[in-house]
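Encoded as structure tokens, the structure appears first; notes follow it.
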Amino acid sequence: MKFSLEYLWKCILSGIIYIPVTLKLALIPLALAIVFGTLIALARIFKVPVVEKFFKIFVAIYSGIPGVVTMLIFHLIYLSLFKPAKNGIMLLAYFTFTLGRTIVVSESVRGAFLSIPKGQYEASYACGLSTFQTLKKIIIPQVIPVALPALTNNALGSIKNTSIVLVLGIVDVLNGATIPCADTYSYVEGYVAAAIIYWVINAIVEFFLVHLEKHLSKKK
Amino acid sequence: MIKIEHVKKSFGHLDVLHDVSLTVDDGSVVVILGPSGSGKTTLLRSINFLERADKGKLTIGSSSVDLHSAKKKEVLEIRRKTSMVFQNYNLFANKTALENIVEALVTGHGIPRAQAVERAKEELRKVGLSDKENYYPSQLSGGQQQRVGIARAVALDAEVILFDEPTSALDPELVGETLALIKQVAKDGHTMIVVTHEMSFAEDVADKVVFMDGGYIVEEGSPQDIFYHPKEERTRQFLRRIIPVGEYVI
Amino acid sequence: MADLFSWQRVVKNFPILITKLPVTFEIVAVAFSLGFILALLIATTRIKKVPLLNQILTVFISFERGTPLLVQMLVVYYAFPIVLYKAFGIDSRRWEKIIFVDLALILNQGVFLGEIFRGAILAVPKGQKEAALACGISDSKAFIKIILPQAIRIALPSTGLTLIGLFQETSLVYMLGVMDIMGRASALGATSGHNLESYLIIALIFVLINFGLTAITTKIDKNLTYGTKNLTGRAA
């Protein structure tokens, strides 16, 4: 049983090439999720008639299904409904991640909104502000510092979550780092390399986001 | 007798206590007054090692400890000879009123449970909260919580009871009845050191009043002496600010 | 599309799949209980700031939080035997796969629960400890009788959520070859060519487990409130 540092380095280099794949799979769905998730959260907070009930049930059910399972289900549906397209699998991955992240983000945003005391709304209305103005000038500025840590967690979680594309065969950091292993039959260096790459990416993104958090909180 | 000698304490660059010595006779009540930051609370908390003084010696009865270098065992011994009433009551949130006292007796002082329960019930009766025995602190008002806190401190049968601004966190209407209770504790003959802002209480109950400022004891004496014939200018300044003009003749 | 889904297969596969559900429960039980104990050790070590251990833990915690669980499992599966061999000369390559998966999950749970416990212990008001000390109660007894019970109550909501998350995370273990419910579904699909029914059954099972656990944890949260009507702040 051996562990070769030379091969470890080879695997790291191999994996690094695929960092953009992982990042795109993580951040694009996240960006979309923030947009859609916030809309869903708002719909639920303001109890928009049909939408609220629907998403309440949908979120409760969907978040009970593990990510891998939903991915496999969508994969099967995709395979039978669509003709195999060039980037089909990739789009499938984007779709599944976006859906999943939207649910998670909507919950985070909803939680942040709920933490704002009702009195803030009441005082604002009493001063004659409309709902839109209230949201824009009073509520959302208070929601952002509260939601930021949760969104940071979401971003980091999103990056880690992309590793399940393993089941689809997409080559990301995890898969990419183990490419050299096919020659040596030793996979340990590959997976350790993947771990190191993820660890470093995570540390960098976390550092950046925490600073962003501090910067935005200071401004308020 | 309780003797505190040459206590010194700094928090970083801030010198909170410079050289403080105090003697408390058995069965007497000493009230410590002074502005915020005078060090009075730090002094009190140094006695039961909730703050670790930089220098000083504490003597309770016949045993002495060094306030800085006391070992765990000595600290525990002192804590078993003293008890404290806190400004924020600090009742054990996960225990009922009765259990708060019982727990202290059983785990803190090694009293057998049956005996502890009996004593606890008696102390609760004395503070008028027998019917709230099985209530949790969150179900009691601030005034009630403090009464349980006092019952707990008294039940421990300590050589000295330390009161850290016992009424500062209470609503004004409740201050009076709490002070009355503390007065009763004094009447029962307990040795007490009370840090407070309540002047008339001090005048009424104290055997000795100590005025602290800037980490020093500025002046000490009987209530009569301090309130009516203060010797130090600093004492006069303090009293003038606290007491409405005309109430005391300075 | 025609042969994608059939109720017949749903009925046929269900009993086959359900026999493997105990494997999932077993993994969760082992990972959670041992992870719980590890978490207590980690939390207390970190709070007490034990010299060398604290630094090692900081690095370890950073690793566990910064890497995907799937990767952690793969690393444990491939690297642990090497470490064990180098250190003790034991060859663990033939051990049951479930052991490696359990190990990875125990470490992961230990770190995440450890952070929750640490936060909960630190959240107990300082005055509680001071009052206990002032009553002559020793440090350790104060921790066990006054601080810990209150910390448990604070930690409960987050711990419940972590347990629920753990169930979901076990869906990954089949990728290492563990024959759990997912593994069974995969095997069924390989022979019959039809997976959708199996995965939908699994999805349903997980949703039901999720609902059940959420209901239980909500009930427990409500009951452990020492008489207060509402808990302040759900730490999630």
Quiz item: Can you give the accessible area of residue B:133, probe radius 1.4 Å, in Å² rounded to 10?
Solution: 30 Å²
Quiz item: Tell me, what HN-Hα J-couplings in whole Hz come from the Karplus equation 6.51 cos²θ - 1.76 cosθ + 1.60 at θ = phi - 60° for each residue of segment A:157-162, using x for Gly and Pro?
Solution: x, 4, 4, 5, 5, 4
Quiz item: With solvent modelled as a 1.4 Å probe, how much accessible area in total do chains C and A shield from it at their shared surface, in Å² to the nearest 100?
Solution: 3000 Å²
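How large a share of the accessible area of segment C:23-177, in percent, is made up of carbon and sulfur atoms when the probe is 1.4 Å and the other protein chains stay in place?
Within segment C:23-177, the accessible surface is 68 percent carbon and sulfur.
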Exercise. Enumerate the helices in chain B for which the Kyte-Doolittle hydropathy averages -0.5 or more and the C-alpha atoms extend at least 15 Å along the helix's axis, using complete DSSP H runs.
Key: B:142-155, B:172-187
Quiz item: Can you list the GluC sites (Glu not before Pro) in segment C:94-162 that are in a DSSP coil and have 16 or fewer other beta carbons within 10 angstrom?
Solution: C:96
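What number, in percent, do you get for the relative contact order of segment C:23-177 if the mean sequence gap of Cα pairs under 8 Å and at least 6 apart is divided by its residue count?
Working: 133 pairs, mean separation 53.5, N = 155.
After rounding, I find 35 percent.
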Quiz item: Where in chain C are the DSSP H helices whose C-alpha atoms run 30 Å or more along the long axis and whose mean Kyte hydropathy is at least 1.0?
Solution: C:21-48, C:97-123, C:196-223
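Taking the Cα centre of segment C:42-127 as the origin, how large is its charge dipole in debye, to the nearest 20, when only Lys and Arg (+1) and Asp and Glu (-1) carry charge on their Cβ atoms?
Numbers: 10 positive and 5 negative charges, 61 e Å.
Computed about the Cα centre, the dipole is about 300 debye.
Considering only DSSP beta bridges with both partners in chain B, what is the antiparallel share in %, to the nearest 5? Could the numbers behind the result be given before it?
Values: 21 of 38 bridges.
Bridges in chain B that DSSP calls antiparallel: roughly 55 percent.
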Exercise. Any of B:95/B:121; B:121/C:126; B:9/B:40 with alpha carbons more than 19 Å apart? Name them for me.
Key: B:121/C:126
Self-check item: the protein assembly as shown - charge dipole about Cα centre, Lys and Arg +1 at Cβ, Asp and Glu -1, debye rounded to 20
Solution: 1960 debye
Quiz item: When the helices in chain C are scored as -39500 (n - 2.57) per DSSP H run of 4 or longer and the sum is shared across all residues, what 222 nm value do you end up with, to the nearest 500 deg cm²/dmol?
Solution: -25500 deg cm²/dmol
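Using DSSP to define loop residues, name the trypsin sites (Lys or Arg not before Pro) in segment A:1-33 whose beta-carbon has at most 15 other beta-carbon atoms within 10 Å. Kindly include the intermediate steps, with their values, before the conclusion.
Details: sites: A:2, A:10, A:24; in loops: A:2.
Sites meeting the loop and neighbour criteria: A:2.
Select from segment C:1-81 those trypsin sites (Lys or Arg not before Pro) which occupy a DSSP coil region and have at most 10 other Cβ atoms within 10 Å, ordered by residue number.
Working: sites: C:9, C:12, C:20, C:46, C:48, C:49, C:65; in loops: C:20, C:49.
Hits after loop and neighbour filter: C:49.
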Quiz item: Counting alpha carbon pairs within less than 8 Å and at least 6 residues apart, what relative contact order, in whole percent, applies to chain A?
Solution: 39 percent
Practice problem: Choose one answer from C:25, C:112, C:167: the residue with the largest mean-square fluctuation in a GNM of chain C with alpha-carbon springs under 10 Å. | Solution: C:25
Quiz item: If the cut-off is a Cα-Cα distance under 20 Å, which aspartates and glutamates reach residue A:214, setting aside same-chain residues fewer than 8 apart in sequence?
Solution: A:206
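When the accessible area of chain B is split by element with a 1.4 Å probe, what percent falls to carbon and sulfur? The partial results should precede the final answer.
Working: 5100 of 10850 Å².
Summing carbon and sulfur atoms, their accessible area is 47 percent of the total for chain B.
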Quiz item: Quick one: helix A:88-114 against the long Cα principal axis of chain A, what's the angle to the nearest 10°, folded into 0 to 90?
Solution: 40 degrees
Quiz item: What shape does chain A have by the C-alpha gyration tensor, where a ≥ b ≥ c are the square roots of the eigenvalues, rounded means a/c under 1.5, and otherwise prolate means a/b greater than b/c and oblate the rest?
Solution: oblate
Quiz item: Among the residues of segment A:1-16, which ones have their accessible area go down by 40 Å² or more when all the protein chains sit together, as opposed to their chain alone (1.4 Å probe)?
Solution: A:1
Quiz item: Which one of A:138, A:34, A:201 has the biggest mean-square fluctuation once chain A is modelled by GNM with Cα springs under 10 Å?
Solution: A:138
Practice problem: For chain C, set up a Gaussian network in which alpha carbons nearer than 10 Å are linked by springs, and say which option among C:171, C:92, C:158 fluctuates the most. | Solution: C:92
Quiz item: Given the protein chains as shown and a 1.4 Å probe, how many square angstrom of residue B:131 are accessible, to the nearest 10?
Solution: 110 Å²
Self-check item: Percent RCO, i.e. relative contact order, over segment B:152-248, from Cα pairs under 8 Å lying at least 6 residues apart
Solution: 20 percent
Quiz prompt | Pairwise burial C:B, computed as accessible area of each alone minus the pair, summed, 1.4 Å, Å² | solution = 1900 Å²
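From the helices alone, meaning DSSP H stretches of at least four residues, give me the mean residue ellipticity at 222 nm for chain B, per-run term -39500 (n - 2.57), in deg cm²/dmol to the nearest 500.
Values: 9 runs with 90 residues, N = 250.
Per the formula, -10500 deg cm²/dmol.
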Quiz item: In degrees between 0 and 90, to the nearest 10, how far off the longest principal axis of chain A does helix A:19-45 point, with axes built from Cα atoms?
Solution: 20 degrees
Self-check item: Alpha-carbon centroids, segment A:103-145 and segment B:187-239: separation in whole Å
Solution: 52 Å
Quiz item: Which whole-angstrom value gives the distance between the alpha carbon centres of segment B:52-119 and segment A:25-77?
Solution: 55 Å
Quiz item: Cα centroids of segment B:11-51 and segment A:156-179: how far apart, whole angstrom?
Solution: 63 Å
Quiz item: Taking only Cα atoms, what is the 0 to 90° angle, nearest 10, from helix A:67-81's long axis to the longest principal axis of chain A?
Solution: 80 degrees
Quiz item: Which value, in Å² and to the nearest 10, is the accessible area of residue B:62 when all protein chains are kept and the probe is 1.4 Å?
Solution: 120 Å²
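Would you mind working out the accessible area per residue for segment C:23-177, using a 1.4 Å probe, and quoting it in Å²? Working shown, then result.
Numbers: 6780 Å² over 155 residues.
Counting only protein heavy atoms, the per-residue value for segment C:23-177 is 44 Å².
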Quiz item: Any residues in segment B:106-140 that have 10 Å² or more less accessible area with all protein chains than in their chain alone, probe 1.4 Å, and which are they?
Solution: B:107, B:108, B:136, B:138, B:139
Quiz item: So how far apart, in nm, are the two label points at residue C:47 and residue B:15 if each is 7 Å from Cα heading toward Cβ?
Solution: 3.7 nm
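The values are calculated or read from the model by the stated rules, or taken from the named source; none is laboratory data. Values in this document were obtained by computation on a predicted structure and should not be read as measured data. In this analysis, Cβ positions are derived from the backbone assuming ideal geometry, glycine residues included, and neighbour counts consider all displayed protein chains. Just the protein is used for accessible areas: all its heavy atoms, side chains included, with ligands, DNA and RNA removed. Shrake-Rupley method; radii C 1.70, N 1.55, O 1.52, S 1.80 Å.
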